[in-house]
Amino acid sequence: MKKLLLLLMMGIFGLSCSQQTPEVLKKSFSKEALAQKLENEEGKTVTIQQILDQHKGKILVIDFWAGWCRDCLNALPKARELEEHNKNIDFVFLSLDRTREGFDRSMEKFDMKDKENYWFASGWKNDFTNYVDLNWIPRYMVIDQKSAIAKYYAITPDDPEIQSTIDQLLK
């Protein structure tokens, strides 16, 4: 009986802690989401709009991650494979580390210094993460050459829809 109760509790807990696909898969960003501020590696404040403007005309993959996130760390090898397979695509890493020190430590520890990294100093809940329905990490988005959302929701870097979206955008 105890085993059955434990299994039931684990199942309920597991269901409540898993990613839920958003009901609406958005194709563009709100003004508020675009105005969201982050910090780059040097501590300079930038907005989502500025990041997108830097990559306009290119396909961009956004990777939400954190150094404390076991799922994110387990996904890093596959994320690197995706990046290696798509050298003509831009990749941006948006960190949800809890502190600036944690962000800096994670970039160093997980060999992310050669990547384009930004940190949400405002924390997990902000105008951008709320708008994109971020409820778990890792999470991946593909942005097209005009800064529109081409792939709104992927939870693993080896989700075949990421590559097929990139391939479609390259045609």
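The values are calculated or read from the model by the stated rules, or taken from the named source; none is laboratory data. Here the structure is a predicted model, which means the values were calculated and not measured. Cβ coordinates were reconstructed from backbone atoms using ideal geometry, including for glycine residues, and neighbour counts include every protein chain displayed. Keep in mind that these areas ignore ligands, DNA and RNA; they rest on the heavy atoms of the full protein, side chains included. Shrake-Rupley method; radii C 1.70, N 1.55, O 1.52, S 1.80 Å.
Numbers below:
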{"quantity": "Subset of the range 17-49 (residues that are exposed (fewer than 13 other Cβ atoms within 10 Å of the Cβ) and assigned to a loop (DSSP other than H, G, I, E, B))", "calculated": "CYS17, SER18, GLN20, THR21, GLU23, VAL24, LEU25, LYS27, SER28, GLU42, GLY43, LYS44"}
{"quantity": "From ASN117, ASN126, ASN130, ASN135, residue being of a type in the set (S, T, N, Q) and in contact with a helix residue (DSSP H, G or I) (Cβ under 7 Å, 6 or more places away or on another chain)", "calculated": "ASN117"}
{"quantity": "Set THR156, THR129: member being part of a loop (DSSP other than H, G, I, E, B) and modelled with pLDDT of 95 or more", "calculated": "THR156"}
{"quantity": "Criterion violated by LEU134 - all others in (1) more than 25 Å from GLU23 (Cα to Cα); (2) assigned to a loop (DSSP other than H, G, I, E, B); (3) in contact with a strand residue (DSSP E or B) (Cβ under 8 Å, 6 or more places away or on another chain) satisfied", "calculated": "(1)"}
{"quantity": "Scan of the range 114-130 for residues that are touching a Ser or Thr at 6+ places or on another chain (Cβ under 8 Å) and open to solvent by less than 30 Å² (accessible area, probe 1.4 Å), ordered by number", "calculated": "ASN117, TYR118, TRP119, PHE120"}
{"quantity": "Subset of the range 98-126 [outside any strand (DSSP E or B) and under 12 Å from the mean Cα position of the chain (by Cα)]", "calculated": "PHE120, TRP124"}
{"quantity": "Which listed residue is open to solvent by 30 Å² or more (accessible area, probe 1.4 Å) and free of Cβ contacts under 8 Å to residues at least 40 places away in the same chain, from ASP144, ASP111, ASP133", "calculated": "ASP111"}
{"quantity": "Qualifying positions in the range 50-64 - under 16 Å from the mean Cα position of the chain (by Cα) and in a helix (DSSP H, G or I)", "calculated": "ILE51, LEU52"}
{"quantity": "Number of the exception - ARG80 against (1) in a loop (DSSP other than H, G, I, E, B); (2) at pLDDT 95 or above; (3) open to solvent by 50 Å² or more (accessible area, probe 1.4 Å)", "calculated": "(1)"}
